[in-house]
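Report on the structure given below.
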Amino acid sequence: MAGSRGEFSSRFGFVMAASGSAVGLGNIWGFPTQAASNGGAAFLLVYLLLAFLLAYPVLMAELILGRHAHSNAVRALRQVSPLRNVSQIGALTGIVGFIVASLILSFYAIVAGWMIAFCLSAIAELAGARAFANWLTSFGLWRNLLSMLIFMALTIGIVSAGVKEGIERWSERLMPMLLITLLALVLYVLTLEGAMTGLEVYLLPDFSRALSPQLILDALGSAFFSLSLGVGTMLIYGSYVSDDENLPLLGGIVTLVDIFVAVLAGFLVLPAMYVALHNGVEIFTQAGALISEDTLIFTVLPQLFATMGLPGILVAIIFFNLMTIAALTSSISMLEVPVAYAVEEFNAERHLAAWMIGGLIAGISGIILLNFELLFGLVVTLTTRYGQPILGFMFCIYAGWLWRRDALLQELRKGYPNVERGLFWKIWPWYVKLVCPLIIAAIIGRSLFG
């Protein structure tokens, strides 16, 4: 069955695709300032610990469910359900998962489109087309629509080509490009005046905050969301993995790559912010906190690049190209979730399904842009603060409580014959059954009650 529906042809291809799904804009623009605002290296240490205490076990739940079914989340959860009513709830969970993935992509495409616009603006500036460059960096409906459509066309084009020829081939190109570009930017920024101050803020630990409930909850959220968990992206990628592969090993590699990129991004963003401060650009809010997220990317860093002359224009092109790649490697996994469902449940032709579903999501993005103040923040909150954790909770329940233990063990033995003798089997089954749901419930409770 796996062969007829597509399969990753190599371990490298899967790792690049799954890591690409995990590595997104949040790793690069959100994690570094969150670390700096929560005790620097103390936050890093807690994050690293929690990534393996929460993110890795939940990632494994999705990968194992996916490979067992060699199908989408709806079929996967239906297959492991022992009772009819439970099977129906599993199918509903899978459907909600691809709806949430589609809604995440609808706002993600808008933000990714801005990255493309700023990259093109720097190119236009280099070519002397200053008026066009200014239009590309101005917040306007037509600029937003055009850049979003360009990004969605790139995403749809990759997904429509299939697992091997589209997702795997482009992940093998884009992820190494992302890592090389990120490393080159880090090495360059660290040579600039002010960079060492930012590095100290990032790496010097404030251990007095390491056990703060706020820091722990922030680190929990970062670890969970950084791996694209809860919407079925890792489940569908797991369904394309060969039965011969060692899933615990693959999951560990993906987790390590994701952590590596997030930590490496800190060596770029924090030093760059303090280079900007050295050059006269304000990097703090009125409350004294570091500016983060969209203000950082679309205000602080462009102002920094503007103070650097010609080198600044070149760095801007490289930086926003990096951000576009990071967005694209995540977006293709989001679109693959509903496309795989349409192909497998309704026998839709992949190329047509990708363009129709992608077009529908682009239409939702357009509606959000037409009602930006009302809808953008609402969609972000509903999907990431509530949808993802609740779905992640459900995946843990199905993998930990409802799937028969002997069937689960048999699935793991396919690529790891002696799995029951290893540490993974001694810890993971009860951990995903008891600990992970409690941790995710804490994340949901924080979102609901603060």
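The residue that is surrounded by the fewest Cβ atoms within 10 Å (Cβ to Cβ), among those in region 311-334 that are farther than 30 Å from Gly358 by Cα and in contact (Cβ under 8 Å) with a residue 40 or more places away in the chain, is Leu314.
Before we move on, is Leu136 crowded, with 18+ Cβ neighbours inside 10 Å, assigned to a helix (DSSP H, G or I) and of a type outside the set (Val, Ile, Thr)? Spell out the reasoning first.
Working: crowded, with 18+ Cβ neighbours inside 10 Å: yes; assigned to a helix (DSSP H, G or I): yes; of a type outside the set (Val, Ile, Thr): yes.
When the stated conditions are applied, Leu136 passes them.
Starting from region 216-244, keep only residues that are under 20 Å from Leu328 (Cα atoms), then list their pairs with residues that are of a type outside the set (A, V, I, L, M, F, W, C) and assigned to a loop (DSSP other than H, G, I, E, B) whose Cβ atoms are within a distance under 7 Å, requiring at least 6 positions of separation or different chains. Note: pairs meeting the criteria are Met234/Ser228; Ile236/Asn72; Tyr240/Gly6; Tyr240/Glu7. Considered as a group, the residues in region 253-297 that are small (Gly, Ala, Ser) and surrounded by fewer than 20 Cβ atoms within 10 Å (Cβ to Cβ) include one that is nearest to Leu53 (Cα to Cα), and that residue is Ala289.
Could you tell me whether any residue of region 255-265 is farther than 22 Å from Ala184 by Cα, at pLDDT below 95 and under 14 Å from the mean Cα position of the chain (by Cα)?
Yes: one or more hits.
Being closer than 22 Å to Pro437 by Cβ, in contact with a helix residue (DSSP H, G or I) (Cβ under 9 Å, 6 or more places away or on another chain), modelled with pLDDT under 95 and surrounded by 13 or more Cβ atoms within 10 Å (Cβ to Cβ) is not true of Arg405.
Scan region 273-287 and give yes if some residue there is among the β-branched types (Val, Ile, Thr), in a helix (DSSP H, G or I) and at pLDDT 90 or above, otherwise no.
Initially, region 273-287 is screened for residues among the β-branched types (Val, Ile, Thr), giving 275, 281, 283, 285.
From what is left, the residues that are in a helix (DSSP H, G or I) are 275.
Add one more test, that the residue is at pLDDT 90 or above, and what stays is 275.
Yes, some residue in region 273-287 is among the β-branched types (Val, Ile, Thr), in a helix (DSSP H, G or I) and at pLDDT 90 or above.
Residue count for region 291-312 satisfying the condition of being at pLDDT below 85 and either of a type in the set (Val, Ile, Thr) or within 17 Å of Val201 (Cα to Cα) (or both): 1.
For region 9-38, a residue qualifies if it is surrounded by fewer than 24 Cβ atoms within 10 Å (Cβ to Cβ) and part of a loop (DSSP other than H, G, I, E, B), and the qualifying residues are Ser9, Ser10, Ser37, Asn38. Is it true that Trp142 is on the phi < 0 side of the Ramachandran plot, in a helix (DSSP H, G or I) and touching a residue at least 12 places away in the same chain (Cβ under 8 Å)? Answer is no for this residue. Only one of the numbered conditions (1) acidic (Asp, Glu); (2) within 30 Å of Thr299 (Cα to Cα); (3) part of a loop (DSSP other than H, G, I, E, B) is not met by Asp244, and that is (2). Residues in region 91-112 that are among the small types (Gly, Ala, Ser) and buried (at least 24 other Cβ atoms within 10 Å of the Cβ) were compared, and the one that is farthest from the chain's Cα centre (by Cα) is Gly94.
The values are calculated or read from the model by the stated rules, or taken from the named source; none is laboratory data. This is a predicted model, so every value here is computed, not measured. Methodologically, a virtual Cβ is constructed for each residue, glycine included, from the backbone with ideal geometry; neighbour enumeration extends over all protein chains shown.
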